[in-house]
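Enquirer: First the structure, then my questions, so here it is.
The values are calculated or read from the model by the stated rules, or taken from the named source; none is laboratory data. Since this is a predicted model, take the numbers as computed values, not measurements. So basically every Cβ, Gly included, is an ideal-geometry build from the backbone, and we count neighbours across all protein chains shown. Side chains included, ligands, DNA and RNA excluded: accessible areas come from the protein's heavy atoms. Shrake-Rupley method; radii C 1.70, N 1.55, O 1.52, S 1.80 Å.
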Amino acid sequence: MNNADIKKAPGRPVKDKEVAKMELLDSATKLFSTKGFEETSLREIALDANVNMALVKYHFGSKLDLWKEVISKLSHKVLQTNDFTLEDVNDASDMRVLLVELFDKLVDMSFQHREFSLFIINETVQQGERFDHLFARLIKPFHEQNYPFIVKGIELGVLADQHPEELIVMLLSSVAYQQATPHVMRNFTDITKDEEKWKQVIKHSLKVNFIK
């Protein structure tokens, strides 16, 4: 038997490097958000993505750099939620309509990107380099994007007179907590079994509790 007759043993398929990079990011997002940074290994991420381990270091260098890239990519998705403008707001009625749509989009985003909620809940407990990156790339931009609408809503009396930053944190935490810990809600009600119905319940609660 010559060398041409010898078949290679099956192994990982060779992938385009950019395809491999995206699949690594998807796997890293899933594993970092559900298992946490410390409990997730680069080998586990590579295995989940079905990508050669060497490509992890080729694309990202270290586990922390990969985690940071995950947050940056997620931030880009999340910040597309708010595409509103205050230019067309002339009175309280216009502001109320805008805030209802803004809150609805916030809830929709939390269902579409549950990893956003998981990172917010899991990574803000302790301060450090990961929190600093999460704050700079995700939390602060989210705050800056929504702040003008909250302030205007308070000025027009659509939202109760209160500290705007406190309201933004309350909105963020209330939506994130439900998505990150659905098992808490399941102990009280079976509404979480119907995702669309649960989504509408959260939207309604935000409106009746925050918008006049």
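Enquirer: Taking the options GLN126, GLN145, name whichever one is open to solvent by 30 Å² or more (accessible area, probe 1.4 Å), over 20 Å from THR29 (Cβ atoms), under 19 Å from the mean Cα position of the chain (by Cα) and touching a residue at least 40 places away in the same chain (Cβ under 8 Å).
Expert: Numbers: GLN126 fails: touching a residue at least 40 places away in the same chain (Cβ under 8 Å).
Within the list GLN126, GLN145, the selection yields GLN145.
Enquirer: Does region 87-103 hold any residues that are within 22 Å of VAL175 (Cβ to Cβ), open to solvent by 30 Å² or more (accessible area, probe 1.4 Å) and in contact (Cβ under 8 Å) with a residue 24 or more places away in the chain, and which are they? Before the answer, list the steps.
Expert: Of all residues in region 87-103, those within 22 Å of VAL175 (Cβ to Cβ) come to 95-103.
In the following step, the residues that additionally are open to solvent by 30 Å² or more (accessible area, probe 1.4 Å) were identified as 96-97, 100-101.
The answer is ARG96, VAL100.
Enquirer: Among the residues of region 129-142, how many are open to solvent by less than 60 Å² (accessible area, probe 1.4 Å) and among the aromatic types (Phe, Trp, Tyr)?
Expert: Final tally of qualifying residues: 2.
Enquirer: Report, by residue number, each residue of region 174-183 that is free of Cβ contacts under 8 Å to residues at least 60 places away in the same chain and either of a type in the set (Phe, Trp, Tyr) or open to solvent by 50 Å² or more (accessible area, probe 1.4 Å) (or both). Step through it out loud before you land on a result.
Expert: So in region 174-183, the residues free of Cβ contacts under 8 Å to residues at least 60 places away in the same chain come out as 174, 182-183.
The one that is free of Cβ contacts under 8 Å to residues at least 60 places away in the same chain and either of a type in the set (Phe, Trp, Tyr) or open to solvent by 50 Å² or more (accessible area, probe 1.4 Å) (or both): HIS183.
Enquirer: Would you point out the residue of region 32-71, among those that are in a helix (DSSP H, G or I) and of a type in the set (S, T, N, Q), that is surrounded by the most Cβ atoms within 10 Å (Cβ to Cβ)?
Expert: We begin by selecting, within region 32-71, every residue in a helix (DSSP H, G or I); these are 32-35, 42-49, 53-60, 63-71.
After this cut, where a residue has to be of a type in the set (S, T, N, Q) as well, the list is 33-34.
Details: SER33: 24, THR34: 13.
So the residue we want is SER33.
Enquirer: Tally time: how many residues in region 109-146 are in contact with a helix residue (DSSP H, G or I) (Cβ under 7 Å, 6 or more places away or on another chain), closer than 17 Å to VAL175 by Cβ and of a type outside the set (Ser, Thr, Tyr)?
Expert: Total meeting the criteria: 17.
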